[in-house]
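I have placed the structure first, in the form of C-alpha cells, so that the comments after it can refer back to it.
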Amino acid sequence: MSKKYCYLFTEGDASMRELLGGKGANLAEMTKIGLPVPQGFTISTEACTQYYEDGRRINDEIMAEIMKNVAEMEKINGKKFGDLENPLLVSVRSGARASMPGMMDTILNLGLNDEVVAAMISKNPDPKFERFVYDSYRRFIQMFSDVVMEVGKKYFEQLIDAMKAKKGVTFDIDLTAADLKELAGQFKAEYKKQLGKDFPSDPKEQLYEAIRAVFRSWDNPRANVYRRDNDIPYSWGTAVNVMPMVFGNLNNNSGTGVAFTRDPATGEKKLMGEFLVNAQGEDVVAGVRTPMPISQMAEQFPDAYKQFVDVCGILETRYRDMQDMEFTVENGKLYMLQCRNGKRTAQAALQIACDLVDEGMRTPEEAVLMIDPRNLDTLLHPQFDAKALKAATPIGKGLGASPGAACGQIVFTADDAEAWKKAGKKVVLVRLETSPEDITGMKAAQGILTVRGGMTSHAAVVARGMGTCCVSGCGDIVMDEENKQFKLAGKTFHEGDFISIDGSTGKIYDGVIPTVDAQIGGNFGRIMAWADQYRKLKVRTNADTPRDAKKARELGAEGIGLCRTEHMFFEPSRIAAFREMICADKVAEREAALAKIMPMQQADFEALYEALEGNPVTIRFLDPPLHEFVPTEEAEIEALAKAQGKSVVEIKGIIQGLHEANPMMGHRGCRLTVTYPEIAVMQTKAVIRAAINVQKKHPDWKLVPEIMIPLVGEVKELKYVKDIVVKTADAEIAAAGANLKYEVGTMIEIPRAALTADEIAKEADFFCFGTNDLTQMTFGFSRDDAGKFLPSYYDTKIYESDPFAKLDQVGVGKLMEMAVKLGKSVRPDMHCGICGEHGGDPSSVEFCHKIGLSYVSCSPFRVPIARLAAAQAALKDKQ
C-alpha cells in the first residue's frame with residue numbers, strides 16, 4: 001500500500017499536526033508522555049482530502065486500513081466491536097490542524113444496538129447500570145440521527161420533553177431505566193418515520209457512516225464561515241479520531257469536565273473549569289444542567305482531582321501555553337480526552353504571553369509569535385457586555401467591516417445623525433450605502449449599518465479610519481429611506497428605534513445591549529515594544545485629519561502613508577467653493593474658486609505635519625471623480641446656480657454631464673490634473689507652503705513632503721503631472737528663500753503601472769500600492785458590488801476569502817512583486833509601501849515583508865495589528 005492513512009495513538013506525537021490534526025497529534029503526545037488516554041487511532045487529514053477527491057466516499061483501500069486499526073484497538077483494549085461478551089463502544093470526533101471549536105461533528109457511544117444493550121444489562125443486575133446503558137443508547141440514537149443522518153435534533157428533543165412531562169420530572173437524569181428504554185424505542189421509530197428505513201444495527205456500518213459524517217462536516221456552512229473568518233485553508237481537511245468510550249454517565253462515582261490551566265478571559269494563572277457528575281461531555285457544553293466549579297471536584301473525587309491537577313502542570317510545561325482540556329472520570333479513574341492551546345480574549349493573550357516570559361517558559365520572540373494580531377482589534381474598541389451578548393439573539397448579519405460594538409437609536413440621514421447627537425442622543429446611522437458627503441453624520445454616529453457595500457466600501461474604509469463600528473452589506477434589510485424605516489427579520493424598524501451592531505462579527509441585534517469601554521493595559525505596551533524590536537517594516541497610517549493622525553501616533557504609527565485630500569473638501573465651509581470650481585467655464589474662474597480653498601487646504605496640511613512631528617507624510621492629490629462633489633438636493637442646486645450666476649437648468653446640465661457609466665475607471669486621479677492642471681497647482685502650493693511654515697517653527701524636524709499622484713498607468717501621464725508639481729513647488733521654495741526637499745511619487749493601482757514600473761520609476765521617487773483599486777482592476781470587479789456575488793464564489797470554493805479584505809498573493813501579489821523588482825532595477829533606493837486596506841491585514845503584511853516593501857500603511861486603529869504582524873513576519877523569516 002502506497003500511503004498510510006491511519007495511525008494508532010502510540011504512533012504519533014505533537015509535531016504531526018498537519019497529518020493527524022490538532023486533536024489527534026495531542027492525543028498521541030499525551031500517550032507518549034504516559035498520561036491516561038483511552039487508546040484509539042487517528043484517520044489522517046490526507047484521508048479527508050481523498051474522500052473529497054473520490055466524490056465524497058471512503059474508498060475500499062482506506063476502509064480496509066480503518067478496519068485493520070479497529071482490530072488493533074480491540075486487541076489493545078481487550079474488547080470487541082459488536083461483541084455480546086465484551087463489547088467495545090467508541091467515540092468518533094473531528095480534529096482539524098487548527099482548532100475550530102464546535103464547528104464540526106462528534107458521535108459518542110457508537111457500537112450499541114439492541115443485542116449489545118441486552119447483553120450488557122444481563123451481565124450486571126444493578127438497576128443503576130441498566131439505566132446507564134439505556135441512557136447511553138438513547139443518546140447514541142439521537143446523536144447518530146442528528147449528526148450522521150441529518151435528522152433534526154428537535155424531533156428527539158420533543159420526545160424527551162413529552163416523556164419528562166408525562167413522568168412529571170424536570171431533568172433527563174430523573175428519568176428511570178424503563179423511561180429511557182421506552183425513549184430509545186420511540187427514537188428508532190422516529191428515525192424510521194423520517195428516513196423510511198431502520199436504524200443501523202451493524203457497528204461497522206455505524207462506524208463507516210460516522211467517519212463519513214465527520215469528513216462531510218469539514219464542508220458544513222458553519223465550518224466554512226469559521227475558516228474564512230480565521231484564514232484556515234479549505235485544502236487542509238480534518239482528521240478523525242476513533243477512541244474507546246469512557247463513561248462519565250456510568251454512575252455517581254463518574255463525571256465529565258472541561259478545564260483551562262489559566263483564566264481564558266483575564267489570563268490569570270489559576271485552574272478554571274466545570275465538572276458534572278454522572279454526565280457525558282455534551283451535557284457540560286449543552287448547559288442543560290448547571291455544572292459545579294472544578295474546585296468542588298476535589299471534595300467528591302479527591303484522587304482523580306489530585307491527578308488532574310498534576311496533569312495540568314505536566315501539559316502546560318510540555319506545551320508552554322495555556323491548555324484547554326476535556327476529561328472524564330469513570331468509576332473514580334481519570335481519562336484525558338483532549339488538550340489544546342486554549343482560545344482566549346486579547347487581554348488574556350497579552351497577560352499569558354507576558355507571564356510565560358516572566359516564568360521563564362518563553363522568550364520575548366516566542367511571546368510575540370503567540371498572539372494573533374487580529375485579536376488586538378478588540379482591545380482598541382468598545383465591546384458588548386459578554387453576559388448580555390450571550391443572552392441576545394441576532395436578527396441579521398452583514399460583514400464585520402469595522403470592529404467594536406455600537407448601540408443607539410436609528411437615524412437614516414447624516415444630517416439627522418448630527419442633529420440627534422447635538423441633542424445628546426446616541427445614534428446608529430443606517431444607509432443603503434454611504435457617500436463622502438455623509439462623513440459628518442458618520443462621525444456623529446456610534447455605529448454605521450449599510451445595506452450595500454463590501455469590506456472596502458466607502459462606509460467600511462472611513463469607519464475603520466475613524467475607529468467607528470460598522471456593519472456593511474446586510475442585504476437582508478429591505479430599506480424604505482423615504483419613510484425612514486426598514487424591515488429585517490420580519491420586523492419594521494422606524495427612526496428612533498434602538499438597535500445594536502457588532503462590527504467584529506457583523507451581527508445585528510434588536511434593542512439595547514450594554515457596551516463596555518476598551519482597556520489597554522501595561523502588557524499591551526510591553527508586547528508592542530518587543531514587536532518593534534523585531535520588525536523590519538515601518539508602519540504608517542492612513543489619516544486625513546489631525547485627530548486621526550494623533551490617534552495613530554498614540555498607537556505607534558511612524559508616518560502617514562496616505563492622506564486623502566478629497567475628504568478635506570467635503571467640509572461644509574469648503575464644498576461650495578469646490579462646486580464653483582467644478583461649474584466654472586474658464587480657467588480664471590476655476591483658479592478664483594480654488595484660491596478660496598487653498599488657505600484651508602494649507603492649514604490642514606500644517607496641522608498634519610504638526611501632528612506627525614517631522615515623520616513622513618504622503619499626500620495623495622485629488623482622486624475621486626468630480627460627480628461625487630456636486631449637489632443632489634434641489635435647495636443646494638439652487639444655491640449653486642445663484643452663486644455661479646447660472647440658471648438651475650444649466651447647473652443640472654453640468655451635473656448630468658459629469659455622470660459616467662463606470663466612474664471608478666473614469667475621469668479621476670491624475671486624469672483630472674491632465675484636464676485641469678490648476679487643481680494640482682493649488683494642491684502643490686498648499687503642500688509646500690505648509691511645509692515651509694512648519695519647518696520654520698521646528699528647525700530640528702526634517703520635513704520632506706511626499707506628493708503622491710494617483711491612478712497613473714502611463715509614464716508620460718506621470719511626467720506631465722510631475723512637471724506641473726515640480727515647477728510650482730520649486731517656484732514656491734525659491735520665493736520663500738527656503739531649503740526644502742520634497743518627493744513626487746505615484747500610486748501603483750492600475751495593472752499597467754505594475755507591468756511598466758521600470759519606465760514609471762524613471763519619473764517616480766517612490767511607489768505606493770493602492771491595493772483596493774489594484775485588486776478591483778486585476779479581478780475586474782467592482783469593490784462596491786462584489787458582495788452580491790462573492791458568497792456564491794465562497795460556497796463553490798472558487799475563492800476562499802474576500803480579495804478586498806485579504807490580499808490575493810497569487811495575482812495581485814505577483815503584480816506587486818514585479819513592480820518592486822522593476823522599480824528598484826531603475827532606482828535602487830526608492831521606498832515602496834502599501835496604503836490599501838490590506839495594510840492592516842496580518843497575512844497581507846507578511847507578504848509585504850516578503851517582497852521587500854519599506855512600510856505598510858493602514859487605518860489608525862489597525863496600526864498595532866500591523867506592528868505585531870510585521871514583527872511576526874520578520875521572526876518567521878529568521879526561523
Among the residues of region 121-174 satisfying the criterion of being polar (S, T, N, Q) and surrounded by fewer than 16 Cβ atoms within 10 Å (Cβ to Cβ), which is nearest to G185 (Cα to Cα)? Q158
Inside region 26-42, can you point out the residues that are of a type outside the set (S, T, Y), more than 14 Å from M325 (Cα to Cα) and either modelled with pLDDT under 95 or outside any loop (DSSP other than H, G, I, E, B) (or both)? A28, K32, F41
Subset of region 311-367 [over 25 Å from the mean Cα position of the chain (by Cα), of a type in the set (D, E, K, R) and more than 24 Å from N252 (Cβ to Cβ)]: E316, R318, R320, D355, D358, E359, R362
Condition check for A576: open to solvent by less than 50 Å² (accessible area, probe 1.4 Å) and either in contact (Cβ under 8 Å) with a residue 24 or more places away in the chain or touching a helix residue (DSSP H, G or I) at 6+ places or on another chain (Cβ under 7 Å) (or both): no
Unique residue being under 33 Å from the mean Cα position of the chain (by Cα), open to solvent by 70 Å² or more (accessible area, probe 1.4 Å), modelled with pLDDT of 90 or more and of a type outside the set (G, A, S) when the list is E554, E591: E554
Of (1) within 14 Å of V117 (Cα to Cα); (2) open to solvent by 40 Å² or more (accessible area, probe 1.4 Å); (3) in contact with a helix residue (DSSP H, G or I) (Cβ under 8 Å, 6 or more places away or on another chain); (4) in a helix (DSSP H, G or I), A184 fails just (2)
Filter region 368-395 for residues that are farther than 21 Å from R862 by Cβ and part of a helix (DSSP H, G or I); which is least open to solvent (accessible area, probe 1.4 Å)? A388
Residue tally, condition open to solvent by less than 10 Å² (accessible area, probe 1.4 Å), closer than 18 Å to Y51 by Cα and out of contact with any Leu (no Cβ under 6 Å at 6 or more places or on another chain), over region 187-209: 1
Out of all the residues in region 92-106, which are modelled with pLDDT of 85 or more, open to solvent by less than 30 Å² (accessible area, probe 1.4 Å) and assigned to a loop (DSSP other than H, G, I, E, B)? A98
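Which one is most open to solvent (accessible area, probe 1.4 Å) among residues in region 447-480 that are charged (D, E, K, R) and not in a loop (DSSP other than H, G, I, E, B)?
Applying the first criterion (charged (D, E, K, R)) to region 447-480 yields 452, 464, 476, 480.
After this cut, where a residue has to be not in a loop (DSSP other than H, G, I, E, B) as well, the list is 464, 480.
On the way: R464: 16, D480: 46 Å².
Checked region 447-480; the qualifying residue most open to solvent (accessible area, probe 1.4 Å) is D480.
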Need pairs with beta-carbon distance below 6 Å; first residue without any contact (Cβ under 8 Å) to a residue 60 or more places away in the chain and within region 844-855, second outside any loop (DSSP other than H, G, I, E, B) and open to solvent by 20 Å² or more (accessible area, probe 1.4 Å); sequence gap 6+ or separate chains. I851/E817
Within region 623-648, work out how many residues are in a helix (DSSP H, G or I), over 19 Å from I679 (Cβ atoms), charged (D, E, K, R) and open to solvent by less than 70 Å² (accessible area, probe 1.4 Å). 0
Picking from L822, L815, the residue that is surrounded by 21 or more Cβ atoms within 10 Å (Cβ to Cβ), of a type in the set (A, V, I, L, M, F, W, C), assigned to a helix (DSSP H, G or I) and in contact (Cβ under 8 Å) with a residue 12 or more places away in the chain would be L815
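The values are calculated or read from the model by the stated rules, or taken from the named source; none is laboratory data. The model shown is predicted, which means the values in this text are computed figures rather than measured ones. Note that each Cβ is placed from the backbone with ideal geometry, even for glycine, and that neighbours are counted across all protein chains shown. Please note that ligands, DNA and RNA were not included when accessible areas were found on the heavy atoms of the full protein model with its side chains. Shrake-Rupley method; radii C 1.70, N 1.55, O 1.52, S 1.80 Å.
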